[in-house]
Amino acid sequence: MELGAVLPMTAEVKGGHLYIGGVDMVALAKSQGTALYVFDEAHLKHRMHEYLSAFRELYPNSDVIYASKSFLNKEVVRLVNAQGLCLDVSGGGELACALSVGFPAERVFVHGNNKTPLELREAMQAGVGRIVVDSFDELDRVSVIAGELGITQDILMRITPGVEADTHEYIRTGCEDSKFGFTMKDSFALQAIGRALKTENVNLAGLHCHIGSQIFKLDPFAEAANVMVQLMDDVRKEYGVTLGELDLGGGLGIAYLADDEPASVEEFAKMLTSAVKDACSKFSFPEPRLLVEPGRSITANAGVTLYTVGTIKDLPGIRKFVAIDGGMSDNIRTALYHADYEPVIANKADQPRTEIVTLCGKHCESGDAVVLDMPLQSAEVGDVACVFGTGAYNQTMASNYNGQPRPAVVFVEDGNARVVTRRETYEDLYRRDV
């Protein structure tokens, strides 16, 4: 398998079968059933440590914030805590997951463009470290609820820095035309910051921005860092306040395809920390606490999804469909973005991928596919297909379309496999019905 960075770090081929974490993926598929999410636990731990050590070495006053939206269950929260990372949550359910396993609330950052009053109250009652404020309505809500609780809540303000990232339009978030944050156009963000500084029951700890996801070119990150430090300097000049924290979000791309060449974590850390230091030097601004929010670049390549081939339909001169026992219910990204993935037949992993196929799902939608026109070994009914790079935004965006139970999640390491999220049952699907 010449797939390079697409693979989980412990992936190997033995006896013609794909192994991850020392576990035979074919045997695992047979014992646990498919569709099945599998995570290389060593890869997850390594990536978390790699991020934290890379940033701390270059910029000691920094923290890494794991993005729950990319992949979340109780066990990964335990890993995040053990590795010393902070945690970003974007909804009440994500916060509830974190609190259920004792994650320190003071290391939680709460995101979202329309947090409900209940979600804000729950977060503040739990003692979360930062709420990232996204609008004036939310600023007022935080102030009122904090006053009712008798606390002063630390906040960051989300700014849209006007930086265009070279990525899919649906995951580009730093441009002016975005539902997120306060625009910098016509000094609006600066005025909004002034209002926040006067708002009761809140403490403006710093600023936040995020320019997008799956970004390969590093220049836009440096541009955003410069824009944000300049804004912090403007705040100091206008209001006499020196903000102490700068959260530059995440967005570092990963290898979904064999020829993808994303920057390394070390390159990303070096570029971002240098950009912040240079901007601070340029504006004679004290270096703030630096925060970053890697999501998919921690989880995506750590995860794969296993399926069983059910039917094969060859349309001569048109396309070869290999149908699997999953689809858009466990991976919606292909239908949403025409996302690309590399597949193999796990029980033929030592054979060349000689056919161009579409791995289509089992659901009643023409657009239900997981892999579009990619090379694969000659498939037969009963083969175990493995799709790489599915560790981010697959499990968390999964649905029950057509009454499909969501897959189990298995962590593999050192030859051991453990179920960390069990497969849904039909009873689970309709438990809430009355």
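The values are calculated or read from the model by the stated rules, or taken from the named source; none is laboratory data. A quick note: this is a predicted structure, and the numbers were derived from the prediction, not measured. Methodologically, a virtual Cβ is constructed for each residue, glycine included, from the backbone with ideal geometry; neighbour enumeration extends over all protein chains shown. The area values use the complete protein model at the heavy-atom level, side chains included, leaving out ligands, DNA and RNA. Shrake-Rupley method; radii C 1.70, N 1.55, O 1.52, S 1.80 Å.
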Discussion item. Going by Cα centres, the range 78-112 and the range 228-273 are how many Å apart?
Written reply: 21 Å
Worksheet item: So what's the gap between the Cα centers of the range 279-339 and the range 350-384, to the nearest angstrom?
Response: 17 Å
Worksheet item: Can you work out ³J(HN,Hα) from phi for every residue in the range 350-365, in order, using Karplus 6.51 cos²θ - 1.76 cosθ + 1.60 and θ = phi - 60°, giving whole Hz and x for Gly and Pro?
Response: 8, 9, x, 8, 9, 10, 9, 9, 10, 7, 9, x, 9, 8, 7, 9
Worksheet, complete the sentence: The correct ranking of I312, I298 by accessible area at 1.4 Å, largest first, is I312, I298
Item to complete: Take the cross-link list K115/K277; K313/K348; K45/K270; K198/K282 and give me the ones stretching past 23 Å between alpha-carbons.
Response: K115/K277; K198/K282
Discussion item. Give me, ordered by chain and number, the residues 5 or more places off K320 or on other chains with an amide H under 5 Å from its own placed amide H.
Written reply: L315, T358
Response to the item:
Amide H neighbours of T160 at under 5 Å, excluding residues fewer than 5 places away on the same chain, with H built from the backbone geometry, are F182, T183, M184
Worksheet item: Is any residue of the range 399-425 close enough, with backbone N under 14 Å, to a label point placed 7 angstrom from the Cα of K14 along the Cα-Cβ axis, and if so, which?
Response: 413-417
Worksheet item: Counting Lys and Arg as +1 and Asp and Glu as -1, each charge on the Cβ, what is the dipole of the chain about the Cα centre in debye, to the nearest 20?
Response: 680 debye
Worksheet entry | In order through the range 381-394: 3J(HN,Hα) via Karplus (6.51 cos²θ - 1.76 cosθ + 1.60), integer Hz, x for Gly, Pro | 4, x, 5, 9, 8, 10, 10, 8, x, 9, x, 10, 6, 9
Item to complete: Taking 7 Å along the Cα-to-C-beta vector as the label spot, tell me the N61-R418 distance in nanometres, rounded to one decimal.
Response: 3.9 nm
Worksheet, complete the sentence: Once all protein chains are kept in place, E238 shows an accessible area at probe 1.4 Å, nearest 10 Å², of 110 Å²
Worksheet entry | Residue-level accessible surface for I193, protein heavy atoms, 1.4 Å, Å² | 0 Å²
Worksheet item: Under a point spin-label approximation (7 Å from Cα along Cα-to-Cβ), what is the E427-I312 distance to one decimal in nm?
Response: 3.9 nm
Worksheet, complete the sentence: With the charge dipole of the chain built from beta-carbon charges (+1 for Lys and Arg, -1 for Asp and Glu) about the Cα centre, the Cα from S100, P288, M232 projecting farthest to the positive end belongs to S100
Fill in: Helical mean residue ellipticity (222 nm; -39500 (n - 2.57) per DSSP H run of 4+; nearest 500) of the chain
-9000 deg cm²/dmol
Response to the item:
Of the accessible area of the range 304-434, computed with a 1.4 Å probe and all protein chains kept, carbon and sulfur make up a percent value of 50 percent
Worksheet item: Can you list residues whose amide H is under 5 Å from D383's amide H, if they're 5+ apart or on another chain and H is modeled 1.01 Å from N?
Response: V309
Fill in: 3J(HN,Hα) from dihedral phi, the range 30-39, Karplus parametrisation 6.51/-1.76/1.60, rounded to Hz, x for glycine, proline
5, 7, 9, x, 10, 4, 8, 8, 10, 10
Discussion item. If you count only protein heavy atoms with a 1.4 Å probe, what accessible area per residue comes out for the range 295-385, rounded to a whole Å²?
Written reply: 37 Å²
Worksheet item: Is any residue of the range 104-140 close enough, with backbone N under 12 Å, to a label point placed 7 angstrom from the Cα of R289 along the Cα-Cβ axis, and if so, which?
Response: 106-109, 129-131
Discussion item. I'd like the accessible area for K45, computed on protein heavy atoms only with a 1.4 Å probe and all protein chains in place. Round to 10 Å², please.
Written reply: 60 Å²
Discussion item. For the full complex of protein chains and a 1.4 angstrom probe, list D350, D140 by accessible area with the highest value first.
Written reply: D350, D140
Practice prompt. Report the residue, chosen from G147, G206, G91, that carries the largest GNM mean-square fluctuation when the chain is represented by alpha-carbon nodes joined by springs under 10 Å.
Written response: G147
Fill in: Residue order for E122, E342 - accessible surface, 1.4 angstrom probe, largest first
E122, E342
